[in-house]
Amino acid sequence: MNRKKKIKETLKKKAKKANAKLHKSNKPRYISKAEREKLALAAEQSEQQTEEAKEVQRKEETQGQAQGE
């Protein structure tokens with residue numbers, strides 16, 4: 001009786017593990033505090049660069065309009 005129970009348990013465990021692999025978690029990956037800070041800095045820098053690029057475009061447009069007139 002004990003041997004049958006043991007075999008049954010091991011088969012159940014294997015089935016449970018296989019089933020768990022099929023259903024991946026929807027939980028987002030953990031991001032450490034240091035990584036979050038790096039991402040925030042990178043986002044801030046890219047935002048500044050885009051603002052600077054917009055300013056350059058505006059200056060070029062105003063200069064182009066002034067030359068066209």
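The values are calculated or read from the model by the stated rules, or taken from the named source; none is laboratory data. It should be emphasised that the depicted structure is a prediction, and the values quoted were computed from it without experimental measurement. Backbone-built Cβ (ideal geometry, glycine too); neighbour counts: all protein chains shown.
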Exercise. So which residues in segment 32-69 are modelled with pLDDT under 95 and part of a loop (DSSP other than H, G, I, E, B)?
Worked result: Glu69
For this session: State whether the residues of segment 18-29 include one that is surrounded by 10 or more Cβ atoms within 10 Å (Cβ to Cβ) and either assigned to a loop (DSSP other than H, G, I, E, B) or not aliphatic (A, V, I, L, M) (or both).
Result: no
